[in-house]
Amino acid sequence: MAQTRVTQFFGQRKRAAEGPLEGKIRPETRRHKLERTPERPTDIGTGTPPSPGGERRRRSRPDIHRPDRSAKKRLRLPESVSPCAKPEMTVCVTPPPLGKKMKDLVNVSLSPNNLLKSERPLVTDVKIPSQENLVELKSRLQKIQEISQKLKLPAAPAEEKVSVTDLKAKLRRVQDLEYKIREKRAAEKTATPAPVEEAANQSEKAPAYQRFHTLAQDVPPGLSLPFRYKVLAEMFRSMDTIVGMLFNRSETITFSKVKQGVQDMMRKQFEERNVGQIKTVYPTAYRFRQEKNIPTFKNGAKKTDYQLTVEPVIPDDDKLEGRPQLMATRLLERRRVFHRRLTHIVKQHHQAFLATLSPPLVVPDNQLTRWHPRFNVDEVPDVVPAELPQPPQVDKMSTAQEVLNKARGMMTPKMEKALANLALKSEESPSKQTPPPPEEPKAAPATSGALKGVSQSLLERIRAKEAQKLQAVMTRKPQQEERLLMISRLPELARILRNVFVAEKKPALTVEVVCSKVVSSYRSSMSPGEMEKHLSLMVELLPDWLSIHPIRKDTYYKLNKTMDLNVILERLSKKLKEEESQ
């Protein structure tokens, strides 16, 4: 007979009323066991041996209502301190043994004295305001109410009543003053001529990206154009492209079509004034006419209105399939011509600037390679636009005399008399436009106070020498400029080259070795090919100090170490001055 386990008595000692549970199994437990293992019948409380088939049979246990295992982990305390006060609980679960600290904490927190203390408000923290503070607060509140009432009240009426006659008199004065102001403004407008207004508009300060455009260009110095001229050249290129496309399609070229195309290409405003500037620079590029009866597809544009038409002027040789065409080569040629003409305009302003210098300089246009250092290119005035064909004027009556002559006999005598008086007044006060005064030539700059003791002849010689040097700079070619730059680098290269030969302790070295060592010691980056060009120039200028010797398949540099390096540097600086003066 099998021995009973201790766990079978775990739930029995707290259910004394039910009696012993040995050999008794509840029907729910039996049904559950049969559903779980229908082929393995078990006997409660008996120790039957396993079946001869070798299968193990699990020993069944009575279905005992065990308490929730989470009760061991959680401590649920109702309002009353006793844990077994609920009547619906049939089984009283004993909590696991707690530590002494935990029990003390629970007892202290649930004691009635502590609960009463937590429910009481903290009276000591509230400060009772004194009587003086209450008086001060009441006075402030009264002041705030008085100010708010003053703001809400309407403005007090004037003590004296204003009569209607006084108001009418003031109104007349205001009208008279307004009339005088209008007359004064009209007189100022008629007295100021149109050219002076244009000059005032042009004299306004341009933005910095236009005033210092040439200084910000990352190009070698030369005959650079002002910013406005470059924009005009770009406008001509865009206009020529649009005109060429429309002309090759045998389409009537109107200004509205060209304007829209150029604005789409450049993202800038294109007006008739720009077309006039293009005509001023390159008058033989286009043929302009005013024509009507041109089909338009715009809202508000009538077919009978006159429109400005553009036609490119091209030679008869440019033909394709028997009809003239504007080829790409012709477009490039026209672009170059336009750029040359813009440069010629700037050269004219440059010549006027050179004439104002002291002493004046005269540089031929074909020898000019760069502008004078003090010539501000971006301050060159804009191109004056040429006149474009205008639509024919319809007879319009602009004066009272013309209206009187036209409508004589059709109006009342009173109306004729009024028009006659108006015509006489307009004839008596004609608007006369005075031409702008001619610009006076700039006087030569006077000598400063620091040069009072210096003789005038010496100053003239110095100025003549400076003018000669500037003229040489303006007429210098790009090849000469590159040669001068290479000569200016030679003194430092001479020092490095001598140190290389002294360190190697050899009378001659190959070209590859010398170039690589000098390049690694030079302060700026330079390729071995460029370094070889500099050393060849040094051989040309100093043949007695550095020589080159081709031997078999290699080429060698030979240096004369007995010569003083200071003498070599003086010779190079003297050669540089000679080259600059030429």
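Amide H contacts of Thr369: Thr475, Arg476, each under 5 Å away and 5 or more positions distant or on a separate chain (H built 1.01 Å from N in the peptide plane; Pro and chain starts excluded).
Residues in segment 279-291 carry Karplus couplings, in order, of 5, 5, 6, 10, x, 9, 7, 10, 10, 9, 8, 10, 10 Hz; the curve used is 6.51 cos²θ - 1.76 cosθ + 1.60 with θ = phi - 60°, and Gly or Pro positions show x. Placing unit charges on the Cβ atoms only, positive for Lys and Arg and negative for Asp and Glu, gives segment 228-302 a dipole magnitude near 140 debye about its Cα centre.
Ranked from largest, the principal axis spans of the Cα set of segment 445-546 equal 60, 29, 27 Å. From most to least packed by mean Cβ count within 10 Å, the peptides 518-524, 231-237 give 231-237, 518-524. Proximity of backbone amide H atoms, modeled 1.01 Å from N, is registered between Thr555 and Val511 at under 5 Å, excluding neighbours fewer than 5 places apart on the same chain.
Along segment 526-534 the Karplus relation, 6.51 cos²θ - 1.76 cosθ + 1.60 evaluated at θ = phi - 60°, assigns HN-Hα couplings of 8, 7, x, x, 5, 5, 5, 5, 5 Hz to successive residues, with x for each Gly and Pro.
Peptide packing for 339-350, 411-422 was compared via the average number of neighbouring C-beta atoms within 10 Å per residue; ordered from the highest value, the list is 339-350, 411-422. Run through segment 271-311 and list the chymotrypsin sites (Phe, Trp or Tyr not before Pro) located in a DSSP loop whose Cβ has at most 11 other Cβ atoms within 10 Å. In loop regions of segment 271-311 (DSSP not H, G, I, E or B), the sparsely surrounded chymotrypsin sites (Phe, Trp or Tyr not before Pro) are Phe297.
Annotation: amide H-H contacts under 5 Å for Leu326 (H modelled 1.01 Å from N, sequence separation of 5 or more, or interchain): Asn248. In order along segment 511-525, phi translates into HN-Hα couplings of 5, 5, 5, 5, 5, 5, 6, 6, 5, 5, 9, 6, 6, 10, 6 Hz, rounded to whole numbers, per the Karplus curve 6.51 cos²θ - 1.76 cosθ + 1.60 with θ = phi - 60° and x for Gly and Pro.
Values quoted throughout were computed directly from the atomic coordinates according to the rules given, and no laboratory measurement underlies them. Model, not experiment: these values are computed from the prediction. Ideal geometry is used to build each Cβ from the backbone, glycine not excepted, and the neighbour counts take in all protein chains shown.
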